[in-house]
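Heads up: the structure comes next, in structure tokens.
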Amino acid sequence: MCGIVGAVAQRDVAEILLEGLKRLEYRGYDSAGLAVLTENSDFKRVRRVGKVQTLADTIQATPCPGGTGIAHTRWATHGEPNETNAHPHASSDRIIVVHNGIIENHSELREKLVAEGYSFESATDTEVIAHLVHAELAKHDSLLAAFRASVAQLEGAYGTVVMDTQDPSRLVAARSGSPLVVGYGLGENFLASDQMALLPVTRRFSFLEEGDVVELTRREVQIYDKAGNPVDRLIKESEVSHDAGDKGPYKHYMLKEIFEQPIAVKNTLEGRVANGQVLDTAFGENAAEILKDIKHVQIIACGTSYHAGMVARYWFEELAGVSCNVEIASEFRYRRSVVYPNSLLVTISQSGETADTLAALRLAKESGYTASLTICNVPGSSLVRESDLAYMMKAGAEIGVASTKAFTVQLTGLLLLVAALGRNNAMSAEKEAEIVSALQSLPAKIEQALDMNDAIADVAEDFTDKQHSLFLGRGDQYPISMEGALKLKEISYIHAEAYAAGELKHGPLALIDAEMPVIVVAPNNELLEKLHSNVEEVRARGGLMYVFADRKAKFKSDETMKVLDVPHCESIVAPILYTVPLQLLSYHVALIKGTDVDQPRNLAKSVTVE
């Protein structure tokens, strides 16, 4: 959520800041702004509600020259989206601040600052940081000292950057729960919440650790740990490519990313399987030693990643003979749980910065888990750095807020992990080879599923006036139905719910009528006949069904049911394949509804607050 970009340079930085914000648009936001220090100890601040382009148009008409500046895209947590609440915030026309996260004690700090004579313009928690730093400047001899004294009073999560009009040569920043990265240039240095923002100006980065404070000038970067000691953080040359700037022939990033799934699966398998086996190094150099004694897996994730974990639970227990629990991170971190002996904690996150998942990992590290492994798409992210093992997804940049290719690659990585653990438990070499073979054939199967695009676009027309829908699946397709429902509600704003098909008679049948479309996922597996019975229960109540079925599953279209043929595949990988047509359905329904497909309202790509 939100995006931060900061720069200290000899050249004008407004265009650098704007380009950085554009590259962070995928994170989700409702307003944008920047502030640049001028040569006469003043600053120019511009804030706009809506897209970064609106901000850019304003700045093009009234340029903001200056070599030190900060910029921000805001996802509202305190106060409605408007220009007054947009960042940057200022205190006494001297201190300017941007901030990601939530200051939990902002009300107490606000009361204290009001008593000291400060007045507040906004309803945000962020403005307290600006006034707090300004107040501390009266007690300290430098911006850094005042900033550190201010940060010590903050409770909650924050990544924050501050500049001072009377000290225009530097920026100071702190990280606690919300990511910040330093970018190193030649005679210029940068800050951002994501290295993606800075790729046009540098490839050299270091990632701030929890509690770090950093001071930047054009020629120097000094980082201090949470104890106040100067520290060196490893500077890495980034290999990340920003390949999402061009949609190519696609109208939206989401559609582009749906069609990138065959190559994404190929990329994630590359170098990780050979000769019918999952290679020992697939999850890290020391993975084989760590995984050999694991008897239980605890998966922690949120949203789409949680659904991937739900599918994997079926795989771990049925294929590998390893017990598995799956829990939503925001629930796991606030309850007392029992740690099983020889347990592996698996976190799943596209961004590697999901606040609840990261907090759950830190909690688990103190709880006695044998080891932790993260399945993640962003090298250098917090989850990657803080986990014992990391499976880098190699899915490429995913810009659409509604995750598509990241989900299929997460499932692919989880199935590889099932095979890696299974060989130490109940799985035969033949079964492992079967899994590897099924995964290697999966890209071609996905290509065939993508050929359903036109047929799905035609079916989507039936949803023009629909406001509710029901998704059904059985076994490992139940979480896929949950994912299908999530995609539809995320981008089309149609209320969608998913149920295990066997639960129909326990309540959901009361909802069935001609205005409630029912979407069914029906691979040709051992539960097919049970699913046929559930479909008949819907048909008997006058429901209209859309069945995504294996061509051998014996479903036929009629006046109450439209059947869409899904390519036949091995049952092991069917959950991965069947998610693709559901993604296409949600996309085409959203087009018809006229919603913002890539940046749906109220949502963010990287959820870095609770």
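No value in this document is a laboratory result; all are computed from the given coordinates. Values in this document were obtained by computation on a predicted structure and should not be read as measured data. A quick note on method: Cβ atoms are made from the backbone with ideal geometry, for glycine too, and the neighbour counts reach across all protein chains shown.
The tail of the calculated P(r) for segment 1-93, taken as Cα-Cα distances beyond 17 Å, holds 43 percent of the pairs.
Take every Cα pair under 8 Å in segment 3-237 that's 6+ residues apart, average their separations, divide by the length, and report that relative contact order as a whole percent. Averaging sequence separation for qualifying contacts and normalising by length gives 20 percent for segment 3-237. Computed from backbone phi, the HN-Hα couplings of segment 554-565 come to 6, 9, 10, 5, 8, 5, 10, 8, 10, 9, 10, 6 Hz, rounded to whole numbers (Karplus: 6.51 cos²θ - 1.76 cosθ + 1.60, θ = phi - 60°; Gly and Pro given as x). Of the residues Ala115, Pro517, Ala312, the one whose Cα sits farthest toward the positive end of the charge dipole of the chain, with +1 on the Cβ of Lys and Arg and -1 on the Cβ of Asp and Glu, is Ala312. The phi-based Karplus calculation (6.51 cos²θ - 1.76 cosθ + 1.60; θ = phi - 60°) puts the 3J(HN,Hα) values of segment 177-193 at x, 10, x, 9, 10, 9, x, 9, x, 9, x, 7, 9, 9, 9, 7, 7 Hz, whole numbers, x for Gly and Pro.
Phi angles of segment 392-403 translate, via the Karplus equation with coefficients 6.51, -1.76, 1.60 and θ = phi - 60°, into HN-Hα couplings of 7, 5, 6, 7, x, 4, 10, 9, x, 4, 6, 5 Hz per residue; Gly and Pro are given as x. With both residues required to sit in segment 247-427, DSSP beta bridges show an antiparallel share near 10%. Beta bridges from DSSP with both residues in segment 443-598: antiparallel share about 5 percent, rounded to the nearest 5. Around the amide H of Gly177, modelled in the peptide plane, lie the amide H atoms of Tyr158, Gly211, all under 5 Å away and 5 or more residues distant in sequence or on another chain. Computed over the Cα atoms of segment 206-344, the ratio of the radius of gyration to the Kirkwood radius (Rg/Rh) comes to 1.05. Protection proxy ranking of 362-372, 255-265, 173-183, by the mean of other Cβ atoms within 10 Å over each peptide's residues and highest first, is 173-183, 255-265, 362-372. Taking amide H as placed 1.01 Å from N in the peptide plane, the amide H of Ala371 sits under 5 Å from that of Leu345, each at least 5 places away or on another chain. DSSP bridge analysis restricted to the chain gives an antiparallel fraction near 60%, rounded to the nearest 5. Summarising the amide proton neighbourhood of Ile519: residues at separation of 5 or more, or on other chains, whose placed amide H is nearer than 5 Å comprise Leu470, Phe471, Leu472, Tyr546. Considering only alpha-carbon pairs that sit under 8 angstrom and 6 or more positions apart, the relative contact order computed for the chain is 12 percent. Write down, largest first, the equivalent ellipsoid semi-axes of the chain in whole Å, where each equals the square root of 5 times an eigenvalue of the alpha-carbon gyration tensor. After scaling each eigenvalue by five and taking roots: 45, 28, 21 Å. Any idea how far the Cα center of segment 318-377 sits from the one of segment 246-287, in Å? Distance between centres, Cα-based: 23 Å. Alpha-carbon geometry of segment 460-610: the Rg and the Dmax are 15.1, 48 Å, given in that order. Under a model in which nothing but the beta-carbon of Lys, Arg (+1) and Asp, Glu (-1) is charged, the chain shows a dipole of about 300 debye around its Cα centre. Listed by chain and number, the lysines placed with their C-alpha closer than 17 angstrom to that of Lys593 are Lys251, Lys466, Lys487, Lys489; residues fewer than eight positions away on the same chain are left out.
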